[in-house]
Each structure stands twice: as structure tokens, then as C-alpha cells.
Amino acid sequence: MKHINGGFRLSTDILEQNKKSWDKVAYHFNGKDALPSYGPFAQTEDELKLFNEIKNKKILDIGCGSGHSLRYMADKGAIELWGIDLSETQIEIARETLKDLNANLFCSPMEKDIGIPKQYFDVVYSIYAVGWTTDLAATFDLLYSYLKPGGSFIFSWDHPLYVHLRSREGQILLEGSYQEEGVVNYPNFKGEEAPVTIPTRKMSTYINELIRTGFTIEAVIESDVSSVFDSVSEEASERYYSLFKARKFPTTMIIKATR
Ligand SMILES: C[S@@+](CC[C@H](N)C(=O)[O-])C[C@H]1O[C@@H](n2cnc3c(N)ncnc32)[C@H](O)[C@@H]1O
């Protein structure tokens with residue numbers, strides 16, 4: 001994959017490195033970025049209502065992390081809970097979160113076909129995870145294959161422009177190039193020495209890849225600030241995620257598509 005600062009790396013090397021780093025930082029994320037949240041400061045599922053009736057539905061979570069979104073699905077009456085995650089540590093945490101439920105959890109990259117049943121699921125979803133994929137086309141092809149005809153795929157991820165936005169002295173500035181897609185290496189993750197490589201893609205890449213796969217796009221949401229924050233005021237902030245920034249630009253893109 002093209003590295004934006006020069007050079008190419010194999011996807012397998014990236015996955016191996018990201019897996020190690022996610023194993024190391026997993027504890028920072030226990031229950032964070034989980035449904036009903038779609039992302040930082042973004043409207044929640046309670047506000048957007050993208051999932052239809054969940055009762056008795058078979059559900060697959062891609063990048064299930066600590067399992068809290070699957071727990072939410074169980075509380076809504078899902079009949080089968082399945083989850084995949086790259087990190088062994090995340091899967092262990094998810095097993096603990098879901099220990100009283102009969103969840104099928106697998107440690108695997110989402111890019112790989114590990115024999116998850118085809119045309120089986122009513123809903124496949126991914127909360128802040130699908131953008132980690134090193135192969136968007138292969139991943140969307142697989143996710144499509146898991147869905148029953150008429151089934152839904154719902155995912156959230158950083159708004160693709162958001163990664164380029166910096167807040168400085170009360171102004172929002174563009175850093176780098178939105179035009180240039182590839183991968184970016186970060187030596188640290190969550191303040192720890194845990195190198196990660198994260199792909200950057202344009203909004204149109206996600207949408208066109210869904211169309212190529214055969215999905216029908218039902219909704220594209222560029223998040224607004226959740227009403228939970230209506231009464232919260234905030235000064236200008238230079239943090240990556242802040243209410244100050246979120247009130248000016250969507251933190252999160254949320255897409256719903258059907259097979
Ligand atoms: C922000 S967390 C997701 C939180 C989770 N969706 C939830 O609802 O609680 C991102 C997750 O993506 C996983 N991940 C990263 N790259 C992946 C890949 N290629 N395949 C599968 N999972 C991946 C990480 O291990 C991590 O658990």
C-alpha cells in the first residue's frame with residue numbers, strides 16, 4: 001500500500017503491526033466508540049434510528065472491539081451475535097463483556113474469509129472499525145456476501161476529511177492533501193509506543209466501492225453534534241476531537257446500505 005510519506009508496504013505487514021498495537025492499547029477502548037454512539041460528539045442511534053427492528057435478527061459486528069455494541073444488540077433482542085476483530089486482546093475483552101450470552105467471536109482481519117456463513121445475516125455493522133481495512137474492495141465484497149438479500153450494512157468512521165483538519169488559535173486549517181489516498185504511519189497510539197498504520201480514503205471512495213460491490217445506498221450522514229451536548233458550551237480547543245471542532249465540521253461519516 002502506498003505510504004503517503006513515501007514508500008510501499010505489504011498489507012500483511014501492516015495487519016501484523018496493527019494487531020500488536022491494538023493488543024497493547026485495547027484497554028483504553030473498553031466500551032468506547034460503542035453503540036448507541038456512532039462516533040465522537042455525533043448523533044447516536046437513539047437519534048438517527050438507522051437500525052430497524054433488531055428482535056430475532058442475526059447480527060455480525062466487524063471490528064467488534066470490547067463487545068459493547070454487541071451487548072447493545074443483545075439488549076435489543078438480537079437472536080444471534082457474531083463478531084470479528086483483529087486483536088486477540090479485544091476478543092478476550094469481548095468474551096468477558098458477553099460472557100452470559102452465546103456470542104460467536106473470531107480473532108481475524110476483516111479482510112480475510114474465515115468461513116463466516118454467507119447470505120446468513122440480517123445486519124452487518126461496524127462502529128469505527130471498517131476504515132482500518134487494508135483492502136476496502138475485498139472487505140466490502142465479503143460483508144456483502146455475509147448478508148441475506150435485503151439485509152443492511154451500517155458503518156461509521158472518521159469523516160474522511162476530518163483527519164486533515166487541525167484546530168489552531170480558533171481557526172480550522174487543512175493539513176496535508178485530501179486528494180492523496182494511501183496510508184499514514186503513526187509511531188504512537190493513545191499515548192503509547194504502539195505504531196499503527198491507518199489508510200486515508202476520500203468519501204467518494206467509500207461510496208463508489210459500495211456501489212461497485214452491489215449495495216444500494218440508503219443513507220449517507222455527515223454527523224452533526226448530538227443533542228446530548230445542546231447545553232454544553234466549549235472554548236476553542238486544539239484537541240483532535242472537540243466539541244469546538246465538531247460544531248463546525250462532522251467528526252463522523254455514517255453510511256447505511258442494503259444488499
Ligand atoms: C475503535 S475500535 C471499535 C469499537 C467497536 N466497534 C465497538 O463497537 O465497541 C476499532 C477496532 O477495529 C479493530 N481492527 C483494526 N483493524 C482491523 C482489521 N483489519 N480487521 C478487523 N478488526 C480490525 C481493532 O482491533 C479495534 O478493536
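The residues listed here are T133, T89; of these, the one that is under 18 Å from the mean Cα position of the chain (by Cα), of a type in the set (V, I, T) and surrounded by fewer than 23 Cβ atoms within 10 Å (Cβ to Cβ) is T89. The sole residue among Y38, Y27 that is touching a strand residue (DSSP E or B) at 6+ places or on another chain (Cβ under 9 Å), of a type in the set (S, T, Y) and modelled with pLDDT of 90 or more is Y38.
Residues of region 169-197 that are hydroxyl-bearing (S, T, Y), over 19 Å from the mean Cα position of the chain (by Cα) and open to solvent by 60 Å² or more (accessible area, probe 1.4 Å): Y178 alone. Selection within region 98-128: residues that are among the β-branched types (V, I, T) and open to solvent by less than 30 Å² (accessible area, probe 1.4 Å). The member of this set that is farthest from L142 (Cα to Cα) is I127. The set of residues in region 181-205 that are part of a loop (DSSP other than H, G, I, E, B) and at pLDDT 95 or above comprises E181, R201, K202.
Please determine, by comparing only the residues of region 155-177 that are charged (D, E, K, R) and part of a strand (DSSP E or B), which one is farthest from K202 (Cα to Cα).
Filtering region 155-177 down to residues charged (D, E, K, R) leaves 158, 166, 168-169, 175.
Now drop any that are not part of a strand (DSSP E or B), which leaves 158, 166, 168.
Details: D158: 11, R166: 17, R168: 23 Å.
So the residue we want is R168.
Within region 210-220, the residues that satisfy the criterion of being open to solvent by less than 60 Å² (accessible area, probe 1.4 Å) and within 15 Å of W157 (Cα to Cα) are L210, A219.
Name the residues in region 12-47 that are in contact with a His (Cβ under 7 Å, 6 or more places away or on another chain) and more than 11 Å from the ligand (Cβ to nearest atom), would you? Before you say what the answer is, go through the steps one by one.
Residues of region 12-47 in contact with a His (Cβ under 7 Å, 6 or more places away or on another chain): 31, 34.
Correct list: empty.
For region 206-247, give me each residue that is in a helix (DSSP H, G or I), touching a residue at least 12 places away in the same chain (Cβ under 8 Å) and not small (G, A, S). Of everything in region 206-247, those that are in a helix (DSSP H, G or I), touching a residue at least 12 places away in the same chain (Cβ under 8 Å) and not small (G, A, S) turn out to be Y206, I207, E209, L210, R212, T213, V228, F229, L243, F244, K245.
Within the option set L50, L60, L81, being more than 9 Å from the ligand (Cβ to nearest atom), touching a residue at least 60 places away in the same chain (Cβ under 8 Å) and outside any loop (DSSP other than H, G, I, E, B) holds for one residue only, L60.
Looking at this structure, is E181 more than 10 Å from the ligand (Cβ to nearest atom), closer than 21 Å to Y240 by Cβ and of a type in the set (D, E)? Write out each step before concluding.
Working: more than 10 Å from the ligand (Cβ to nearest atom): yes; closer than 21 Å to Y240 by Cβ: yes; of a type in the set (D, E): yes.
Criteria met by E181.
Taken together, the residues in region 84-114 that are within 25 Å of E53 (Cα to Cα), in a loop (DSSP other than H, G, I, E, B) and touching a residue at least 12 places away in the same chain (Cβ under 8 Å) amount to 4. Quick check on this structure: which one of R166, R247 is open to solvent by 40 Å² or more (accessible area, probe 1.4 Å) and within 22 Å of T44 (Cβ to Cβ)? Sole residue among the options that is open to solvent by 40 Å² or more (accessible area, probe 1.4 Å) and within 22 Å of T44 (Cβ to Cβ): R247.
Being among the polar types (S, T, N, Q) and touching a strand residue (DSSP E or B) at 6+ places or on another chain (Cβ under 7 Å) is the filter here; which residues of region 56-86 pass it?
So the first thing to find is which residues in region 56-86 are among the polar types (S, T, N, Q), and the list is 56, 66, 69.
Residue satisfying the conditions is S69 alone.
Would you check which residues across region 84-96 are farther than 12 Å from A26 by Cβ and either out of contact with any Ser or Thr (no Cβ under 6 Å at 6 or more places or on another chain) or more than 8 Å from the ligand (Cβ to nearest atom) (or both) and list them? Even if it seems obvious, please write down each step before you answer.
The initial filter retains those residues of region 84-96 that are farther than 12 Å from A26 by Cβ, namely 84, 95.
Passing the criteria: only R95.
The values are calculated or read from the model by the stated rules, or taken from the named source; none is laboratory data. The structure presented is a predicted model; accordingly, all values stated were derived computationally and were not measured. Cβ: placed from backbone, ideal geometry, glycine included. Neighbour counts: every protein chain shown. All accessible areas refer to the heavy atoms of the entire protein, side chains included, with ligands and DNA or RNA removed. Shrake-Rupley method; radii C 1.70, N 1.55, O 1.52, S 1.80 Å.
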